[in-house]
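Colleague: The structure is given below, and queries will be raised subsequently.
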Amino acid sequence: MRFMVLVKANPDSESGRLPTAAELSAMTTYNEELVRNGIMLAGEGLQPSSQGLRIRYDKTSQTVIDGPFSETKELVAGWWILQCKSLDECVEWVKRAPFQEGEVEIRRISEAADFGELMTPEMREREAKMGAQIQENRKA
């Protein structure tokens, strides 16, 4: 069985505060443990909602709403990872979704480069090794 664990937003994550080097190292160590044990198949952090948008569907129209979003306790029912050249391209693909009502939130996924100097060459190497292990775990 596979499960998705959603980490709820908080004031720090919504402000865009990056983790300290110690926090980043501790999380990397934890993730390595999960990967070594075949537990972690994929995991990504999301940028603050100020970097995202929502699309609201109302019968025959869609409205694009820019972030940030004030309510950090909203439920998430599922997720996709889409690879697009830009946010605009992603919006166009998501507008094609067969929803009649509801709302979809789009936010960019954090990448190692977003951590700047906090992500040391050693951590980048560890991340690369984890990525390779994750690919192996998916094949198993």
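The values are calculated or read from the model by the stated rules, or taken from the named source; none is laboratory data. These figures come from a predicted structure and were not determined experimentally. All Cβ positions, even for glycine, are placed from backbone atoms using ideal geometry, and neighbour counts span all protein chains on display.
Colleague: Residues Gly16, Gly38: which one is at pLDDT 80 or above and at positive phi? Step through it out loud before you land on a result.
Modeller: Working: Gly38 fails: at pLDDT 80 or above.
Within the list Gly16, Gly38, the selection yields Gly16.
Colleague: Would you point out the residue of region 112-140, among those that are out of contact with any Leu (no Cβ under 8 Å at 6 or more places or on another chain) and not in a helix (DSSP H, G or I), that is nearest to Arg17 (Cα to Cα)?
Modeller: Among them, the one singled out is Thr120.
Colleague: Please enumerate the residues belonging to region 54-108 that are at pLDDT below 70 and part of a strand (DSSP E or B).
Modeller: The answer is Glu101, Gly102, Glu103, Val104.
Colleague: Any residue in region 129-140 that's free of Cβ contacts under 8 Å to residues at least 60 places away in the same chain and in the same structural domain as Glu32 (by TED's automatic domain parsing): show its pairings with residues that are hydrophobic (A, V, I, L, M, F, W, C) and not in a helix (DSSP H, G or I) at Cβ separation under 9 Å, as long as the two are six or more apart or on different chains.
Modeller: Final answer for the pair search is none.
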